[in-house]
Amino acid sequence: MPTTLLTLRDSLTQLTLAPELGASLVNWVRLSDGQPLLRHSDEQALAAANPRRLACYPLLPWSNRIGGGGFATPDGWQALGANTEHEALPIHGSAWQQPWKIVNATSDSASLELHSQLPFPYHATLDVQLTDGCLRLTLQATHLGEQPTWYGLGLHPYLPRTAHTRVQAQAGGVWLCGEDKLSSQWVELPQAWNFSEPTLLPRQLVDNAFTQWPGRACIIQPEAGYQLICEAQGSNVFLLFCPEAQNFFCFEPVTHPVNAHHLAGRPGLHLLAAEQSVQMSFSLRYQALAD
């Protein structure tokens, strides 16, 4: 069946969403010329009905991978199995694989919700707002299970990448990963991954969680004549995914590093009892570059 799209617009940009496809953003473009501000989703990508081929989707009740077949809660073991064909480990939670419903929508805003039973009962909301070229996403999860469990949140934007794309984002350290792509060791920030000043993206694969992030970043696209000023609340970790020889990269604001359920102190995770909530927000503000 064709996917129903929801279109929002402000004075500078236009956004399309596919609530049925995991509350995914499909395209966010500059109105003046259709320039993609997030990775462009063509008809084939939309027809595939897979959020991983679209522009952005929410991550909950955890971000990235969890090892060990699940995780411990105060009341016992929460078993988890693989939820995709391409990954051996459960990845990115369950919200992105379920249809969301539209609660309300206007010309420049929308509120979506999900009632999920997987892997435990929760209610999620995603509020989307466009204002003069600023896209703001607010994600919230409320635990509905009788027993408390651990929650993490995140957003997974895919961004255009050229040879001249630069990123600026401060961090105090980074989690190195083993072959299983799970966090293995925290180290102070290597110089090669220091983005405190606008820096070209590494050519080699990067797929790591950067910590002690103050919640502000800048993504500069000089060839297209714009930058995105990014700000996060409720997130002090970002995942940077730079696949080799691809025309996109991902800058993901998240609440916790990869596999935090098995790291000492469970950094960034929230233990929620019934009816308790956790929230984060992320904004991307379009700015034209001076000639």
Exercise for review: Out of GLY178, GLY133, report the one residue that is at pLDDT 95 or above, of a type in the set (Gly, Ala, Ser) and more than 28 Å from LEU272 (Cα to Cα).
Suggested key: GLY133
Exercise for review: Being more than 30 Å from SER184 (Cβ to Cβ), open to solvent by 30 Å² or more (accessible area, probe 1.4 Å) and assigned to a strand (DSSP E or B) narrows it down to one of THR16, THR7, THR3, so name that one.
Suggested key: THR7
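Out of the stretch 171-197, which residues are farther than 28 Å from ILE91 by Cβ and either touching a residue at least 60 places away in the same chain (Cβ under 8 Å) or open to solvent by less than 50 Å² (accessible area, probe 1.4 Å) (or both)? Quick ask: steps written out before the conclusion?
Taking the stretch 171-197 first, the residues farther than 28 Å from ILE91 by Cβ are 191, 196-197.
Passing the criteria: only SER196.
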Exercise for review: Kindly state which strands (runs of 3 or more DSSP E) lie completely within the stretch 125-213 and contain at least 1 residues that are of a type in the set (Val, Ile, Thr) and touching a His at 6+ places or on another chain (Cβ under 7 Å).
Suggested key: 134-143, 149-151
Check your understanding: Residue check: is TRP77 under 19 Å from the mean Cα position of the chain (by Cα) and either closer than 30 Å to THR162 by Cα or of a type outside the set (Lys, Arg) (or both)?
Key -> no
Review point. Residues of the stretch 87-105 being under 16 Å from GLN117 (Cβ atoms) and in a loop (DSSP other than H, G, I, E, B), which ones?
Key: PRO90, SER94, GLN98, PRO99, TRP100
Study note, to complete from the structure: Quick count over the stretch 73-128, residues being small (Gly, Ala, Ser) and more than 29 Å from THR16 (Cβ to Cβ), is 5
Practice item. Go through HIS86, HIS92, HIS115, HIS143 for me and flag whichever is in contact with a strand residue (DSSP E or B) (Cβ under 6 Å, 6 or more places away or on another chain) and open to solvent by 40 Å² or more (accessible area, probe 1.4 Å). Key: HIS115
Revision key, fill the gap. Taking the stretch 257-283 and keeping residues open to solvent by 20 Å² or more (accessible area, probe 1.4 Å) and out of contact with any helix residue (DSSP H, G or I) (no Cβ under 7 Å at 6 or more places or on another chain) leaves HIS262, LEU263, ALA264, GLY265, HIS270, LEU271, ALA273, ALA274, GLU275, GLN276, SER277, GLN279
Review point. Pairs under 9 Å by beta carbon, first residue free of Cβ contacts under 8 Å to residues at least 12 places away in the same chain in the stretch 117-145, partner surrounded by fewer than 19 Cβ atoms within 10 Å (Cβ to Cβ), six or more apart or different chains?
Key: GLN117/LEU144
Exercise for review: List the number of the failed condition for ALA224; all other conditions in (1) under 23 Å from LEU137 (Cβ atoms); (2) more than 16 Å from the chain's Cα centre (by Cα); (3) among the hydrophobic types (A, V, I, L, M, F, W, C); (4) open to solvent by less than 10 Å² (accessible area, probe 1.4 Å) hold.
Suggested key: (4)
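The values are calculated or read from the model by the stated rules, or taken from the named source; none is laboratory data. Here the structure is a predicted model, which means the values were calculated and not measured. Positions of Cβ are backbone-derived with ideal geometry, glycine not excepted, and every protein chain shown enters the neighbour counts. Each accessible area value is taken on the protein alone, full model and side chains, heavy atoms only, with ligands, DNA and RNA left out. Shrake-Rupley method; radii C 1.70, N 1.55, O 1.52, S 1.80 Å.
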